[in-house]
Amino acid sequence: MKKRRMFSMLFMSAALAASLTACGGSSEPASNGGGSSSPPANSGGSTPEPAKEPAKEPAKEAGADIQEMTIKISHVVAENTPKHQGALAMKKAIEEASGGKIKVQVFPNSSLFGDKDEYQNLVANNAQFIIPDMAKLVGNDPGFNIPSMPFLFSSDEAANAFWDGPKGQEIFKRLEKDGALGMGMWPNGPKHITNNKKPIKAPEDFNGLKFRTQGGQVLEKLYSTLSAGSVSIPFNELYTALQQGTVDGQENTFSNIESKKFDEVQKYMTIMGHTRVDYALLTNTKFWNSMNDATRKIVEEGVKVGTDFARSQAAELNAAALKKLQERGQIEINELSKEDIQKFRDFLKPVYDEYNPIIGEDVIKDAMSR
Ligand code: LMR
């Protein structure tokens, strides 16, 4: 596995980490002006430099070119997650670099938009950034099924490298037809199975159970291969669905399971790591093209800072969340041996047989090489 980090760590610092604080947010409208339409920065760290000011233009007062505006970042998870922490890092970097001319409001916990309506509200410029789980974008492009392909990536770094690379970037680029721009991938990490019925240790244990998924045909196929049912439910309805027995179980990262207290309503967890939660940081063309070069440069730098920070936090927050789940002791935690995992890998091979041609053999090959 080749490890590759495309984003520089230049802007990350311990001071940044220490000073991050949670933020709610009112709903002031975004007020954007300007009118440059440089190409969007939708790659991992290699954002294009904005055009330079003509040499003979008189020097302007520092910050004079920066447009005053309010940027809204909407997402669906809790505060103690890599997504929210990355968004706060982005907020801090943008607000500081703009001398307060740009305000950033971060809306966690589906408090502005939820899974069902965040993409259309992004495209309508009612939010300037969203950070959906890629499984929620599979209707826009089958390439976003990649994190749902069983046991595909062996680490966050491998997933980062794929999405920073040419095949991942092509998938992001295909959102431009909708008016959305992919700014990069933020990992959360491997998903694990929870359920209320029985300890799951082998493929046969899934038989007849019903699971909630984030969405997408690959996850549907994965569960049907295991002789289980599945249904997609928005994240903000999941706790109640588990509590009321609408579904028997679900799959998620430790940080999502812990921060949403799913261990209150689930009896068993199996550490599987069979699929992943990886996010797409998205903006919209209307907002992006409304910024002048000086303003866009600040936002681009903020995106890099947020991306680096989210990437640096994901594994750590998941490890801390697992520890908390163990300490709370409310959910029985089952670990699988290498042999058990191999059984699942073999069992789930039909998912690859069906979806390799749909996602693209070249795309899967590239992802596997990371
Ligand atoms: C879920 O719906 O379970 C996750 O995708 C939520 C998230 O954004 O991490």
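The values are calculated or read from the model by the stated rules, or taken from the named source; none is laboratory data. As the structure is a computational prediction, the values presented were derived from the model and not from experiment. Neighbour counts run over all protein chains shown; Cβ positions are idealised from the backbone, glycine included.
Scanning the stretch 185-199 for residues that are touching a Gly at 6+ places or on another chain (Cβ under 8 Å) and assigned to a loop (DSSP other than H, G, I, E, B), which turns out farthest from the ligand (Cβ to nearest atom)?
Lys197
Looking at the stretch 211-231, which of its residues are assigned to a helix (DSSP H, G or I), more than 18 Å from Gln266 (Cβ to Cβ) and free of Cβ contacts under 8 Å to residues at least 60 places away in the same chain?
Glu220, Ser224
I'm told Glu251 meets every condition in (1) over 17 Å from Pro132 (Cβ atoms); (2) touching a residue at least 12 places away in the same chain (Cβ under 8 Å) except one. Can you identify the failing condition by its number?
(1)
Hey, Asn121 hits all of (1) without any contact (Cβ under 8 Å) to a residue 40 or more places away in the chain; (2) over 28 Å from Ala64 (Cα atoms); (3) more than 15 Å from the ligand (Cβ to nearest atom) but one; which does it fall short on?
(1)
This table checks each residue for (1) assigned to a helix (DSSP H, G or I); (2) surrounded by fewer than 20 Cβ atoms within 10 Å (Cβ to Cβ); (3) within 16 Å of the ligand (Cβ to nearest atom).
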| position | (1), (2), (3) |
| --- | --- |
| Gly86 | yes, no, yes |
| Val106 | no, no, yes |
| Asn140 | no, yes, yes |
| Ser154 | no, yes, no |
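Tell me, which helices (runs of 4 or more DSSP H) wholly within the stretch 257-370 include 3 or more residues that are among the charged types (D, E, K, R) and touching a strand residue (DSSP E or B) at 6+ places or on another chain (Cβ under 9 Å)?
Ranges flagged: 293-328.
Run Gly216 past the list (1) modelled with pLDDT under 95; (2) away from the ligand (no atom under 15 Å from the Cβ) and report the number of the one that doesn't hold.
Result: Gly216 fails condition (2) only.
Would you check if there is a residue in the stretch 256-267 being over 19 Å from Ile333 (Cβ atoms) and charged (D, E, K, R)?
Taking every residue of the stretch 256-267 in turn, none turns out to be over 19 Å from Ile333 (Cβ atoms) and charged (D, E, K, R).
Identify all residues within the stretch 266-314 that are hydrophobic (A, V, I, L, M, F, W, C), touching a Ser or Thr at 6+ places or on another chain (Cβ under 7 Å) and more than 15 Å from the ligand (Cβ to nearest atom); write none if there are none.
Met291, Ile298
Identify all residues within the stretch 157-188 that are more than 21 Å from Phe129 (Cβ to Cβ) and crowded, with 23+ Cβ neighbours inside 10 Å; write none if there are none.
Scanning the stretch 157-188 gives Ala161, Phe162.
Output the residue which, of all residues in the stretch 222-254 that are more than 20 Å from the chain's Cα centre (by Cα) and β-branched (Val, Ile, Thr), is surrounded by the most Cβ atoms within 10 Å (Cβ to Cβ).
Here the answer is Val247.
If we scan the stretch 240-251, do we find a residue that is of a type in the set (A, V, I, L, M, F, W, C) and farther than 29 Å from Asn126 by Cβ?
Yes, because at least one residue in the stretch 240-251 is of a type in the set (A, V, I, L, M, F, W, C) and farther than 29 Å from Asn126 by Cβ.
I'd like the full set of residues that are within 10 Å of the ligand (Cβ to nearest atom) and among the aliphatic types (A, V, I, L, M), limited to the stretch 219-238.
Selection gives Ile233, Leu238.
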